[in-house]
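Input: a single structure, listed below in structure tokens.
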Amino acid sequence: MNNKTFKAQITVMAALSMTIIFSLICTCVRSALDCFYNTQIKEACMLSVEGAFSAYHNDMLSEYDILLLQYSDNIKARIEQYAEENIYSCGKNVSLMGVDVDNVEYITDQGGIYLRKEIASYMQYGLFSEMADVMRQSEKELQKVEKIKEITSDIQDCEKDLWEVDLKILQLIKYVEGIETTDTGIVIRRGEPVSSGGYFAKSAVNGIVSRDSVYVDEKKVYMSIDNSEPGYTDVSALLDDMYEDASGVAASEENQKEEDYINSYSDVYRRNYIKLKAVLGGTKEQTEKALEVLGEYDDAKSGAENKLGGCMEKVSAEIKTLGEELCNELIEDLKSMKEDNASDKKTMCDMQQLRQALSRNLIVLNGVCSQIEKLEENLNYDNSRDVMSSVVRCRQLLYGLSAKGMKFDYSGVDFSIESSGLSAVKKVRQLITDGILALVMDTDNISEKSVNYAGLATDMSGKIESMESKAEEIKEQFLMNEYLMMKFNCFTDYLDMDIDGSAGIDYTLEYILCGKSGDKENLEQTMLELSGIRTGMNLAYLITDKSKKMQAYSFAAGALGFTGNMALIKAGQYLIMSVWAYGEAIMDMRDLYAGNKVALVKNEKNWKLSLENLLGMKFDSDKDTDDDGLEYRDYIRMLLMLERSEHKNYRTMGAMEIKMISMGHDDFRMRNYIVSMAGTAVFSVIRRGQPYVQIISCSYI
């Protein structure tokens with residue numbers, strides 16, 4: 001037997017190697033066990049959350065293909081229960097410490113954007129590509145309609161300013177000529193102009209009263225004033241009489257003490273003095289008012305000119321939207337209106353001459369009135385010579401008083417009829433707007449259903465704050481609109497189907513558009529919105545139709561020709577065309593609500609309403625309905641495109657809530673339902689120094 005010896009370092013090396021190997025094996029086993037626990041925990045959490053989210057509302061899924069989960073404390077308890085059950089394979093080595101839910105997204109959050117996204121996920125995306133061209137064309141036409149309505153509204157605002165200009169002229173006729181006027185024109189009764197019954201700038205006449213001396217060419221105007229009180233007054237004749245009265249008293253010293261003799265002169269003198277003072281004072285007051293109105297006239301003209309210029313700039317900037325033909329017509333009309341407004345020569349009088357004449361007379365009247373104040377009202381022998389002197393001075397001061405430069409042109413006034421301006425057209429517009437429902441359909445066929453539930457999403461408000469691209473937003477909007485058209489009914493659907501007696505309301509698409517509580521209110525509001533689209537399209541045609549445009553101009557000229565203001569007549573023409581287009585929209589909607597089609601763009605063949613029938617409120621036509629065109633539901637689709645996304649989202653939720661309530665879910669409110677949730681689940685793992693935290697989340701979107 002050989003005796004061998006081993007060095008100690010070999011034994012130590014072996015021990016160290018075995019330790020390293022054993023540690024590596026333990027680490028691998030520990031890591032594998034941790035991976036197993038981690039996988040089991042993640043799987044348990046995923047299954048737990050999905051299990052909780054499987055409790056969606058079945059009827060909402062069945063009716064609207066929308067997944068919603070009612071949020072409550074039970075969700076947290078259910079997740080915890082499912083998590084504990086799902087980690088059974090880990091035995092006692094892993095236990096759930098708790099679940100914390102800190103991020104919940106309600107369907108009603110952020111302006112209802114989650115509803116839109118869930119609907120977009122549900123809808124077939126192929127539909128978008130098929131309908132993209134139709135959508136773009138409709139959107140282009142709607143943009144054109146909105147711009148036409150906006151510009152026409154601006155032109156009508158100009159008409160108001162231009163009418164304000166002519167309203168000043170009408171006021172001047174009253175203050176200067178003494179003829180009664182209103183906001184619609186000269187007051188005429190039985191073919192004669194009516195006197196204002198008060199003093200006016202031409203009341204005081206320095207000399208014989210005649211049509212020449214008061215510068216009135218129109219005999220009817222002159223006779224109306226001359227035959228009224230106070231009418232025209234020859235103030236020089238009054239002063240002559242007053243001088244004779246004073247000289248009569250001063251001439252005979254022997255009779256100065258005879259009371260009857262003195263009174264015979266003083267009584268006449270006093271009457272003339274009172275009349276003279278009243279005439280001159282009234283004339284001076286009305287002259288001052290006329291000059292004040294002239295200042296307002298200048299301001300009104302300036303304001304109208306600025307607005308017309310703004311309209312021209314707006315039209316020029318929208319040539320791509322409006323089209324070259326329509327744009328050129330608008331610019332030409334606006335340019336003509338602006339040029340006519342800038343000219344004073346086309347009004348009923350020369351404003352510059354009138355201003356100079358009134359200013360001249362006011363200086364004269366101020367001097368005469370001051371001198372009149374020095375006259376004694378009661379004449380006697382002692383003051384008779386002073387009176388004579390003052391009267392002579394008054395006669396001298398009156399030398400410059402004249403009506404020259406104050407002539408008005410009445411050649412455009414038809415005194416055979418009462419002037420009403422455009423009040424007849426405005427009355428028709430008011431009647432159409434107020435009675436649109438009855439004009440379009442038989443109101444007996446309208447649903448009277450109404451809802452009055454508290455807490456509906458319809459009453460909510462919120463703003464969408466989305467970081468998505470514009471293209472993505474447009475796509476989602478389009479898909480949602482198509483979803484609404486597919487899932488909800490409108491008025492014309494009930495032309496071919498029975499009304500659902502169990503539903504809270506019938507016209508749900510109109511409800512989504514308007515948000516009113518009753519079918520009738522929603523239908524009427526939808527009609528007003530729809531009339532806006534049709535009015536804009538109809539007006540676009542009228543502006544380019546030379547014949548119909550001339551008819552409107554002729555009517556405006558007949559109603560406003562007395563003003564002599566061509567700019568106002570042109571603006572009145574646009575008012576008439578806008579009301580005419582509105583009347584044609586009534587005809588269009590009669591067809592639409594009867595289930596027929598209406599062409600999007602009008603032409604001579606499919607235009608139905610004449611101007612005469614419009615003014616007579618006769619909305620009947622013997623023309624056939626259009627074979628081509630858009631139906632009521634197509635126009636509803638357009639209105640949905642115009643509606644704000646937030647309003648549409650919340651009202652859609654409200655319509656869904658009403659349906660759920662009618663199905664027996666009385667407490668169903670969208671604000672209580674969520675579409676996504678996130679949080680954490682905390683686990684205790686044996687032989688691990690710290691808790692294991694797992695992120696949990698789930699979403700229907």
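The values are calculated or read from the model by the stated rules, or taken from the named source; none is laboratory data. Source: prediction; values computed, not measured. Neighbour counts are summed over all protein chains in view; Cβ atoms, including those assigned to glycine, are modelled from backbone coordinates with ideal geometry. Side chains included, ligands, DNA and RNA excluded: accessible areas come from the protein's heavy atoms. Shrake-Rupley method; radii C 1.70, N 1.55, O 1.52, S 1.80 Å.
Numbers at a glance
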| read-out | value |
| --- | --- |
| Selection within the stretch 196-234 - among the aliphatic types (A, V, I, L, M) and part of a loop (DSSP other than H, G, I, E, B) | A201, I208, V209, V214, V216 |
| Pair list, Cβ < 8 Å and 6+ apart or interchain, from the stretch 616-633 residues that are within 17 Å of K602 (Cβ to Cβ) to residues that are assigned to a helix (DSSP H, G or I) and of a type in the set (D, E, K, R) | F619/R590; T625/D591; D626/D591 |
| Verdict on D109 being among the acidic types (D, E) and either surrounded by 14 or more Cβ atoms within 10 Å (Cβ to Cβ) or farther than 16 Å from S48 by Cβ (or both) | yes |
| Options M497, M486: the member that is open to solvent by 20 Å² or more (accessible area, probe 1.4 Å) and modelled with pLDDT of 85 or more | M486 |
| Hits in the stretch 607-629 - residues which are crowded, with 19+ Cβ neighbours inside 10 Å and modelled with pLDDT under 90 | L614 |
| Some residue of the stretch 385-401 being more than 25 Å from the chain's Cα centre (by Cα) and more than 30 Å from V209 (Cα to Cα) | no |
| Failed criterion for A237 (all others in (1) in a helix (DSSP H, G or I); (2) over 15 Å from L401 (Cβ atoms) hold) | (2) |
| Among residues of the stretch 680-701, those that are in contact with a helix residue (DSSP H, G or I) (Cβ under 9 Å, 6 or more places away or on another chain), among the small types (G, A, S) and either at positive phi or open to solvent by 30 Å² or more (accessible area, probe 1.4 Å) (or both), counted | 2 |
| Checking D166 against (1) in a loop (DSSP other than H, G, I, E, B); (2) touching a residue at least 60 places away in the same chain (Cβ under 8 Å), the condition it does not meet | (1) |
| Lone unmet requirement of (1) closer than 30 Å to E164 by Cβ; (2) part of a loop (DSSP other than H, G, I, E, B); (3) among the β-branched types (V, I, T) for I464 | (1) |
| Residue satisfying all of: in the stretch 188-213; open to solvent by 30 Å² or more (accessible area, probe 1.4 Å) and of a type in the set (K, R); nearest to L362 (Cα to Cα) among these | R211 |
| I274, sole failed condition from (1) at pLDDT 90 or above; (2) buried (at least 17 other Cβ atoms within 10 Å of the Cβ) | (2) |
| Test: residue in the stretch 635-650 that is within 23 Å of Y593 (Cα to Cα), open to solvent by 40 Å² or more (accessible area, probe 1.4 Å) and of a type outside the set (A, V, I, L, M) | yes |
| Within the stretch 565-600, tally of residues that are out of contact with any helix residue (DSSP H, G or I) (no Cβ under 6 Å at 6 or more places or on another chain), assigned to a helix (DSSP H, G or I) and farther than 19 Å from S547 by Cβ | 1 |
| Selection status of G558, more than 30 Å from Y453 (Cβ to Cβ), open to solvent by less than 10 Å² (accessible area, probe 1.4 Å) and not basic (K, R) | no |
| Residue in the stretch 608-621 that is in contact with a helix residue (DSSP H, G or I) (Cβ under 8 Å, 6 or more places away or on another chain) and hydroxyl-bearing (S, T, Y) present | yes |
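For (1) touching a Phe, Trp or Tyr at 6+ places or on another chain (Cβ under 7 Å); (2) under 27 Å from D667 (Cβ atoms); (3) of a type in the set (V, I, T), each residue gets a yes or a no:
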{"position": "M441", "(1), (2), (3)": "yes, no, no"}
{"position": "S447", "(1), (2), (3)": "yes, yes, no"}
{"position": "A454", "(1), (2), (3)": "no, yes, no"}
{"position": "M460", "(1), (2), (3)": "yes, yes, no"}
{"position": "K463", "(1), (2), (3)": "no, no, no"}
{"position": "E473", "(1), (2), (3)": "no, no, no"}
{"position": "E482", "(1), (2), (3)": "no, no, no"}
{"position": "F491", "(1), (2), (3)": "yes, no, no"}
